[in-house]
Amino acid sequence: MAIASASTTVFFIKNHQRHHYPYYSSFSILFSYLIFLLLFSSPPTAYAFTGDVAEDSNNRRADLFVQILKDEAVGRLNELGKVSDAARYLERTFLSPASIKARFLLQKWMEDAGLRTWVDCMGNLHGRTEGRNASAEALLIGSHLDTVVDAGKFDGALGIISAISALKVFYMNGKLEELKRPIEVIAFSDEEGVRFQSTFLGSAAIAGILPVSSLEISDKSGMTIKDVMTESGVQITEENLLQLKYDRKSVWGYVEVHIEQGPVLEWSGFPLGVVRGIAGQTRLKVTVRGSQGHAGTVPMPLRQDPMAASAELIVQLEKLCKQPESYLSFDGHCSDSTLKSLSTSLVCTVGEISTWPSASNVIPGQVTFTVDLRTIDDIGREAVIYEFSNQVHKICSSRSVLCNIERKHDANAVISDSELSSQLKSAASAALKKMVGEIQEEVPVLMSGAGHDAMAMSYLTKVGMLFVRCRGGVSHSPSEHVLEDDIWAAGLAVLEFLENHL
């Protein structure tokens, strides 16, 4: 069925008709469907925007600030996506040359939107307008400017650009100073944790939860965070790190716009969705030490091979995370609700393995691998870590190798503030109605399996998040893609949200 107005054509696609992308496997389609059934009482209609806009009741073209919220935002995302430390792919890690160049670009765009800017001692970029009352509690809007290795150009950057674009509309209309509270956009220096294997360095410092000991964490080259800061011309101390923490009484709330990094919105046909909560996360570093030797001369029964032990540990982790109820069902600490939550939300990943001395004809002396473990149930997450630790020591003992587990990062699950979520849902709905006319279904509400700066900021203030549809749910990849109209919808939703603060 198609519904047409004078300047827009909107296609309402029946529930069995979906766009198909090469990224989908039959499993991912089934998984998306099951997740969707859990989240919504009935499948909504899918909306495909043509790029034209709806007209208001007086037959006048709705002013949706296409040039700023869409055209300029898309251009800036493309420009930012070319700022990289690598020649053939996108990579911007904490305080790398490319990240500093990206920060200068964003600073220029913030000032173009009428914002006062500064960079703090952890490399976070701030852009602020005081509005009518500089002493009122401030609304913070942010996301991260760093990337993973071989990244897409929307992860993190979209949230910053959407906020800047919306505030530029206010600035161009002379309404920036009419806002009833200060609005501050923050481009966090590190969320991904690629360089130092410790996520949320920027937002954790502002939230006041970054321990001073973090400054001594080193990257693969042996440089510590403090070394990198010094190299960048910043002499960071315990005192000025502590001074970064915002006063709770000065902050009204935190909002983040981010690509979904999953397929639910695409399946539902909605460009935007409200985030109900974020899964908790733990990162582990497992070190297995054995007996280094010649590959051709050490008999198999006499080997203490950390590589073989690591392989068994990784397979055991997979079994535990696929069927947690088989390992934890007799644990008195795990209730039925926890086991049920784990069965639907637990994911575990070994993403990095390194060996020493890493030669094809040498039995390695040491193997190190990472574990990324996530679930919405914090009690269940601890139970899984405890059980995995037991399995590690059991397997390592049977193989006569030494094992050590380090907890590199912990973040509890975060539930979004109901008031902020309601406001974001209303703003998203208003934005979509302006773009296409009436919408027949409510804006989706969904969970996030990925971590975000909102997790760290939740220690400081109430948080809310808005997700933006991405093609195939693909992220952390150059194939990451967001439709131009969805970028427009995101900016318009932020604008609608900020209208409540006039």
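The values are calculated or read from the model by the stated rules, or taken from the named source; none is laboratory data. All of these numbers come straight from a predicted model, not from anything done at the bench. Here the Cβ is made from the backbone with ideal geometry for all residues, glycine too, and neighbour counts use every protein chain on show. Side chains included, ligands, DNA and RNA excluded: accessible areas come from the protein's heavy atoms. Shrake-Rupley method; radii C 1.70, N 1.55, O 1.52, S 1.80 Å.
Where the alpha-carbon atoms of the chain are placed on the principal axes, they occupy 86, 56, 46 Å, in descending order.
Normalised radius of gyration (Cα atoms, divided by 2.2 N^0.38 Å) for the stretch 420-471: 1.32.
Pairwise Cα distances in the stretch 112-178 exceed 16 Å for 55 percent of all pairs. Each principal axis of the stretch 100-142 carries a Cα extent, and these read 33, 23, 14 Å when sorted largest first.
A quarter of the convex hull surface defined by the alpha-carbon atoms of the stretch 98-222 gives 8.1 nm² as the mean projection.
A 1.4 Å probe run over the stretch 361-405, with the rest of the protein chains in place, finds 42 Å² accessible per residue.
Measuring max minus min along each principal axis, the C-alpha atoms of the stretch 265-416 give extents of 60, 39, 25 Å (largest first). Taking every C-alpha pair closer than 8 Å and separated by at least 6 residues, the mean separation divided by the residue count of the chain gives a relative contact order of 21 percent.
The angle separating the long axis of helix 484-499 from the principal Cα axis of greatest extent in the chain is about 70 degrees.
Summary of packing: across the peptides 182-190, 94-102, the per-residue average of other C-beta atoms within 10 Å ranks them, highest first, as 182-190, 94-102. For a test of the definition: using alpha carbon positions, the gyration tensor, and the 1.5 limit on a/c, classify the stretch 232-296 as rounded, prolate or oblate. Cα axes put the stretch 232-296 in the oblate bin. Its residues counted as N, the stretch 178-319 yields a C-alpha radius of gyration over 2.2 N^0.38 Å of 1.56. Probing with 1.4 Å while keeping every protein chain in the model, the per residue accessible area of the stretch 174-266 equals 40 Å². The value obtained for the stretch 249-335, namely the Cα convex hull volume divided by the number of residues, is 287 Å³ per residue. Positive contributions from Lys and Arg (+1) and negative ones from Asp and Glu (-1), summed over other residues with Cβ under 12 Å from the Cβ of residue 418, come out at +1. Amide H contacts under 5 Å for residue 280: 375, 376, 377, 413, 414, restricted to partners 5 or more places along the chain or on a different chain, H placed in the peptide plane at 1.01 Å from N. Per residue, the stretch 414-502 exposes 31 Å² of solvent-accessible protein surface, assessed with a 1.4 angstrom probe and all protein chains in place. The mean of 1/r over all pairs of different alpha-carbon atoms in the stretch 348-470, once inverted, gives a Kirkwood hydrodynamic radius of 18.7 Å.
The fraction of accessible area contributed by carbon and sulfur in the chain is 51 percent, rounded to a whole number (1.4 Å probe; ligands and nucleic acids excluded).
Counting Lys +1, Arg +1, Asp -1, Glu -1, what net charge surrounds residue 292 among other residues with beta carbon under 13 Å of its beta carbon? Here the count lands on +1. Charge tally around residue 133: other residues with Cβ under 9 Å, Lys/Arg +1 each, Asp/Glu -1 each, net +2. Mean residue ellipticity, 222 nm, helices only, the chain: the sum of -39500 (n - 2.57) across DSSP H runs of n ≥ 4, divided by residue count and rounded to 500, is -10500 deg cm²/dmol.
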